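Trainee: One structure is given below, represented as structure tokens, and several questions about it will come after.
The values are calculated or read from the model by the stated rules, or taken from the named source; none is laboratory data. Computed from a predicted model, the values in this text were never measured in an experiment. Positions of Cβ are backbone-derived with ideal geometry, glycine not excepted, and every protein chain shown enters the neighbour counts. The protein model used for the area step is the full one, side chains on, heavy atoms only, and it has no ligands, DNA or RNA in it. Shrake-Rupley method; radii C 1.70, N 1.55, O 1.52, S 1.80 Å.
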Amino acid sequence: MARLTETRQETGTARTLVFDVPGWPGHLAGQHVDVRLTAADGYAAQRSYSLSAPDRVELSVQRIPDGEVSPYLTDVLGVGDPVEIRGPVGGWFVWRPGAGRDVLLVAGGSGIAPLMAMIRARRLAGRGTRFRLAYSTRTPGDVFYADELRRPEPGLDVTHVYTRVAPDGWPRPPGRLMAADLGDGPPDRDCFVCGPTGFVESAADLLLARGHDPRRIKTERFG
Ligand SMILES: Cc1cc2nc3c(=O)[nH]c(=O)nc-3n(C[C@H](O)[C@H](O)[C@H](O)COP(=O)(O)OP(=O)(O)OC[C@H]3O[C@@H](n4cnc5c(N)ncnc54)[C@H](O)[C@@H]3O)c2cc1C
């Protein structure tokens, strides 16, 4: 049983939750957990959430307006409350600090969560692997971890793509992710793509069209 110890509002509709989980075995950046909620009458609902930090059980949840589980996690669960968490789950969509190759991360909306765990794992490892992040959100107000991503970090390039509203003077007009947003680095990088299904499919198509090796494109769909 996990207990909520800390929360942070990421955006108007998303919240980051930190849990204390006695006996937690540790996890790799990119893995997720299953959160199970059980009502007083025994009805249970379970959803997956990515771990957004490599060194603690931290989840970032986007509220889906008519959702069953996410509104409870973003609006109701309070510090000190218990919740059932199982994991860590998943061994394929993971980044290991020793991997060596340059990395391209492509995030849509809350799909940034496991990719942020990778960015933080790289920072903790203090290694020189080069990371590039292309992060698509509807508006600047929808950006998770905005302050952290704004801070310059050697070896990490961040490109924001806004699909609906861009800041004043932003060089790129609002619109969906395009090949040019992925940078012009060589295609021999490990690619991690995460977000809603439609976003993941179109981003993976862009990567393939740019000559990336399909065996190095890893995807995670949030539904
Ligand atoms: C491996 C994995 C990792 C995930 N990690 C995260 C994470 O880190 N953060 C996070 O916020 N979510 C994450 N998700 C999505 C999460 O599991 C839930 O699907 C989401 O929170 C909605 O659950 P709900 O019970 O609130 O909505 P539901 O009651 O399941 O659905 C309500 C309505 O919303 C639609 N819907 C469901 N999911 C989404 C979505 N993601 N976007 C838009 N519409 C949706 C449904 O089609 C339905 O119409 C992850 C999913 C997977 C499979």
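Trainee: From the C-alpha coordinates alone, can you work out the Kirkwood hydrodynamic radius of segment 1-75, in Å?
Mentor: About 13.1 Å, per the Kirkwood formula over Cα pairs.
Trainee: Once you've got the GNM for the chain with C-alpha springs shorter than 10 Å, pick whichever of Gly12, Gly67, Gly42 has the biggest mean-square fluctuation.
Mentor: Per the Cα network of the chain with a 10 Å cutoff, Gly42 tops the list.
Trainee: Shifting gears a bit: For segment 1-127, compute the orientation-averaged projected area of the C-alpha convex hull (one quarter of its surface), in nm².
Mentor: That works out to 8.4 nm², a quarter of the Cα hull's surface.
Trainee: Heavy atoms only, probe 1.4 Å: what % of the accessible area of the chain goes to carbon and sulfur, would you let me know?
Mentor: 51
Trainee: Per-residue HN-Hα couplings for segment 161-168, Karplus 6.51 cos²θ - 1.76 cosθ + 1.60 at θ = phi - 60°, whole Hz, x for Gly and Pro?
Mentor: So the J values, rounded to whole Hz, are 10, 10, 8, 10, 9, 9, x, 4.
Trainee: Here's a follow-up. Looking at the chain, what % of its DSSP beta bridges pair antiparallel, to the nearest 5?
Mentor: Counting DSSP beta bridges with both partners in the chain, the antiparallel share is about 55 percent.
Trainee: A follow-up question, please. Among Asp168, Asp102, Asp55, whose mean-square fluctuation peaks in a Gaussian network model of the chain (Cα, cutoff 10 Å)?
Mentor: Checking each option, the largest mean-square fluctuation is seen for Asp168.
Trainee: Going toward the positive end of the dipole of the chain, with +1 on Lys and Arg Cβ and -1 on Asp and Glu Cβ, which of Ile112, Leu208, Thr5 do you reach last?
Mentor: Leu208
Trainee: Where the only charges are on Cβ atoms (+1 Lys, Arg; -1 Asp, Glu), what is the dipole of segment 60-111 about its Cα centre, to the nearest 20 debye?
Mentor: With Lys and Arg at +1 and Asp and Glu at -1, about 360 debye.
Trainee: Let me ask another. Which whole-Hz couplings ³J(HN,Hα) result when phi for each residue of segment 169-182 is put into the Karplus expression 6.51 cos²θ - 1.76 cosθ + 1.60, θ = phi - 60°, listed in order with x for Gly and Pro?
Mentor: x, 5, x, 10, x, x, x, 5, 3, 10, 3, 4, 6, 8
Trainee: Fully extended, how many nm does the chain gain between Met178 and Arg86 (0.36 nm per residue separation, minus their Cα-Cα distance)?
Mentor: 29.5 nm is the gain from fully extending Met178 to Arg86.
Trainee: Note the angle between two axes, namely the Cα long axis of helix 197-209 and the longest principal axis of the Cα atoms of the chain, as a number of degrees from 0 to 90, rounded to the nearest 10.
Mentor: 30
Trainee: Once you charge only the Cβ atoms, +1 for Lys and Arg and -1 for Asp and Glu, what is the size of the charge dipole of the chain about its Cα centre, to the nearest 20 debye?
Mentor: Here the chain has a charge dipole of around 600 debye.
Trainee: Might you report the magnitude of the Cβ-based charge dipole of segment 2-89 about its Cα centre, with Lys and Arg at +1 and Asp and Glu at -1, to the nearest 20 debye?
Mentor: Roughly 140 debye, rounded to the nearest 20.
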